[in-house]
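*Asks:* Please find one structure pasted underneath; my questions will follow.
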Amino acid sequence: MSQPLETGAKAPDFSVETTEGQKKLASYKGKHLVLYFYPKDDTPGCTNEARDFSSLSSQFKAAGAEVLGVSRDTLTKHYKFIAKHELQIQLGSDEDGALCEAYGVWVEKNMYGRTYMGIARSTFLIDPKGRISRIWPNVRVKGHAQDVLDSLNS
């Protein structure tokens, strides 16, 4: 398990295959990056979160930010998810879990008495210099995308 990340820290570097090609942290230099982690494509909470970020995508762009959603789903699943829900954001496929580990979101979860490893729904706002300017751990979906946009604009 990696150390928890803190506001002001340098964001961990990454390289991930996305629905818009291979991306690295350096790909976003000079822009804000909203890096959000979610458990699984096409589940109710994850769909609502992706739709919320998509509906605000033009406002994020106007604020100088890009949005990248990451799960351990394959790119094939991501493309289907985007098409089905007409999403306007890019999605990254972290099949090996390296990015989830680097950001400390691969955690032990407990549901109905069963423990398992999974992604803790979390969002990181990374500034144009590659530093973490805000972290939202254990995200509740309703209103979250707007909260991130408000934080970006403040």
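The values are calculated or read from the model by the stated rules, or taken from the named source; none is laboratory data. From a predicted model like this one, the values you see are computed outputs, not experimental measurements. All Cβ positions, even for glycine, are placed from backbone atoms using ideal geometry, and neighbour counts span all protein chains on display. These area figures cover heavy atoms from the full protein model, side chains too; ligands, DNA and RNA do not enter into them. Shrake-Rupley method; radii C 1.70, N 1.55, O 1.52, S 1.80 Å.
*Asks:* Condition first: open to solvent by less than 60 Å² (accessible area, probe 1.4 Å), among the polar types (S, T, N, Q), farther than 21 Å from THR18 by Cα and assigned to a strand (DSSP E or B). Can you find one or more residues in region 107-117 that meet it?
*Replies:* No: zero hits.
*Asks:* For region 118-146, which positions are under 14 Å from LEU35 (Cα atoms) and part of a helix (DSSP H, G or I)?
*Replies:* Hits for region 118-146 are HIS144, ALA145.
*Asks:* Also, quick follow-up: Would it be correct to say that GLN59 is surrounded by 14 or more Cβ atoms within 10 Å (Cβ to Cβ), outside any loop (DSSP other than H, G, I, E, B) and of a type in the set (S, T, N, Q)? Outline the logic, then answer.
*Replies:* Values: surrounded by 14 or more Cβ atoms within 10 Å (Cβ to Cβ): yes; outside any loop (DSSP other than H, G, I, E, B): yes; of a type in the set (S, T, N, Q): yes.
In short, yes.
*Asks:* State whether the residues of region 53-75 include one that is on the phi > 0 side of the Ramachandran plot and either touching a Gly at 6+ places or on another chain (Cβ under 6 Å) or in contact (Cβ under 8 Å) with a residue 60 or more places away in the chain (or both). Write out each step before concluding.
*Replies:* Just the residues of region 53-75 that are on the phi > 0 side of the Ramachandran plot, to begin with: 64.
Those left that are additionally either touching a Gly at 6+ places or on another chain (Cβ under 6 Å) or in contact (Cβ under 8 Å) with a residue 60 or more places away in the chain (or both): 64.
Yes, region 53-75 contains at least one residue that is on the phi > 0 side of the Ramachandran plot and either touching a Gly at 6+ places or on another chain (Cβ under 6 Å) or in contact (Cβ under 8 Å) with a residue 60 or more places away in the chain (or both).
*Asks:* Name, by its number, the condition in (1) over 14 Å from the mean Cα position of the chain (by Cα); (2) outside any strand (DSSP E or B); (3) over 17 Å from PRO12 (Cβ atoms) that does not hold for GLY45.
*Replies:* Looking at each condition in turn, GLY45 falls short on (1).
*Asks:* Right, something else. Looking at (1) in contact (Cβ under 8 Å) with a residue 60 or more places away in the chain; (2) farther than 14 Å from PRO128 by Cα, find the lone condition where GLN22 falls short.
*Replies:* Single failed check for GLN22: (1).
*Asks:* Six or more apart or on different chains, Cβ atoms under 8 Å: show the pairs whose first residue is in region 33-46 and over 15 Å from ILE89 (Cβ atoms) and open to solvent by less than 30 Å² (accessible area, probe 1.4 Å) and whose second is of a type in the set (Phe, Trp, Tyr) and modelled with pLDDT of 95 or more.
*Replies:* Listed pairs, sorted by first residue: GLY45/TYR38.
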